[in-house]
1. If you take the residues in the range 101-147 that are in contact with a helix residue (DSSP H, G or I) (Cβ under 7 Å, 6 or more places away or on another chain), assigned to a helix (DSSP H, G or I) and of a type in the set (A, V, I, L, M, F, W, C), which one is surrounded by the most Cβ atoms within 10 Å (Cβ to Cβ)?
2. Take the residues of the range 170-202 that are surrounded by 15 or more Cβ atoms within 10 Å (Cβ to Cβ), modelled with pLDDT of 80 or more and of a type in the set (Lys, Arg): which is farthest from Gly115 (Cα to Cα)?
3. Which one of these is at pLDDT below 95, more than 19 Å from the chain's Cα centre (by Cα) and of a type in the set (A, V, I, L, M, F, W, C): Met8, Met50, Met1?
4. Given the criteria under 23 Å from the mean Cα position of the chain (by Cα), under 30 Å from Ala166 (Cα atoms) and either of a type outside the set (Gly, Ala, Ser) or buried (at least 18 other Cβ atoms within 10 Å of the Cβ) (or both), does Val35 qualify?
5. Would the range 75-88 turn up any residue that is assigned to a helix (DSSP H, G or I), touching a residue at least 24 places away in the same chain (Cβ under 8 Å) and of a type in the set (Phe, Trp, Tyr)?
Amino acid sequence: MSDITQQMDKLEIPIKLSFPVINVSTFELGRAESVFSDIAKKVGKHFIVMPFKKLPDPGTMKAMVDESKKSSKNGVVVFDTFFFDRQRANPETLPALKSSLTYLENEGINYIIAGKDVFNEEFVYHIDLPAMSNQEILKLLQTCEDNVKDGGVFESNERAVIANHALGLSHTQMKNVFTYSAYLKFKGEEYLGEIRKEKAHILRDVGLDVLEAIDIGNVGGLENLKEFLQIRKAGWDKDLPVKGVLLAGVPGGGKSLTAKAAAGVL
């Protein structure tokens, strides 16, 4: 069984068992919506995105159940990314949800609240959305390719390199750069730079510096390190545990230069 299948199966269980209120801890709201939409489809439930201006009261829930019955679905998954924002704007949000608990249980409704905020209520079941697997990234890449050209534009080895470069980006960020990169590839232009640019922007947002890669052949000495990097490169694009190279030394010893050179290899 693949990693992505195992992850989906774990997320599927509380949906199958119709847990009434589920809090998904994640900042990847677009990915969470896609994941739970797929799960709802798999288990035969109607999937609805909760509008911001509606309260999760029994009347709203009943209307959603009635809608699902028209399509002969076995239950409802209500996906709400606005719950915490709505709660700050309207203090009736939580009481409305509490008043719906019995109805949610009786009708087999999963009310999924997705976001970064903590929701500490005794009736809530908590889930952490796992990080994207390499298979999930490749699947997203191929979907983005198909939006540019039916059948895709990248070779399998190119996809492996792109997926490796995209690690650390969110689902939505990946979707944007994958689509743009596929378009550049289709036009015959360089595309990996767009992924690096997006990652650099994100790293700067959290206060980290970004070092531009250089050709390691332009760096004198360091023969042992060069040999090590060339050997290590063989497995760098594979779906292996977290990878990295630790550089330590006195100030002015060439760590930054070495990091730039290593980036050019890996």
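1. Residues of the range 101-147 that are in contact with a helix residue (DSSP H, G or I) (Cβ under 7 Å, 6 or more places away or on another chain), as a first pass: 103-104, 107, 109-115, 117, 123, 125, 127, 129-130, 132-138, 140-141, 144-145, 147.
Next, from what is left, pick out any that are assigned to a helix (DSSP H, G or I): 103-104, 107, 134-138, 140-141, 144-145, 147.
From the residues that got through so far, the ones that are of a type in the set (A, V, I, L, M, F, W, C) too are 104, 137-138, 140-141, 144.
Working: Leu104: 23, Ile137: 23, Leu138: 19, Leu140: 20, Leu141: 25, Cys144: 23.
This residue is Leu141.
2. Lys185
3. Numbers: Met8 fails: more than 19 Å from the chain's Cα centre (by Cα); Met50 fails: at pLDDT below 95.
When all the criteria are applied, what remains is Met1.
4. Values: under 23 Å from the mean Cα position of the chain (by Cα): yes; under 30 Å from Ala166 (Cα atoms): yes; either of a type outside the set (Gly, Ala, Ser) or buried (at least 18 other Cβ atoms within 10 Å of the Cβ) (or both): yes.
Yes: the conditions hold for Val35.
5. Within the range 75-88, the first condition is being assigned to a helix (DSSP H, G or I), and the residues that meet it are 83-88.
Okay, now just the ones that are also touching a residue at least 24 places away in the same chain (Cβ under 8 Å), so 83-86.
Add one more test, that the residue is of a type in the set (Phe, Trp, Tyr), and what stays is 83-84.
Yes; the residues of the range 75-88 include at least one that is assigned to a helix (DSSP H, G or I), touching a residue at least 24 places away in the same chain (Cβ under 8 Å) and of a type in the set (Phe, Trp, Tyr).
The values are calculated or read from the model by the stated rules, or taken from the named source; none is laboratory data. Since the model is a prediction, treat every value here as computed from it, not as a measurement. Neighbour counts are summed over all protein chains in view; Cβ atoms, including those assigned to glycine, are modelled from backbone coordinates with ideal geometry.
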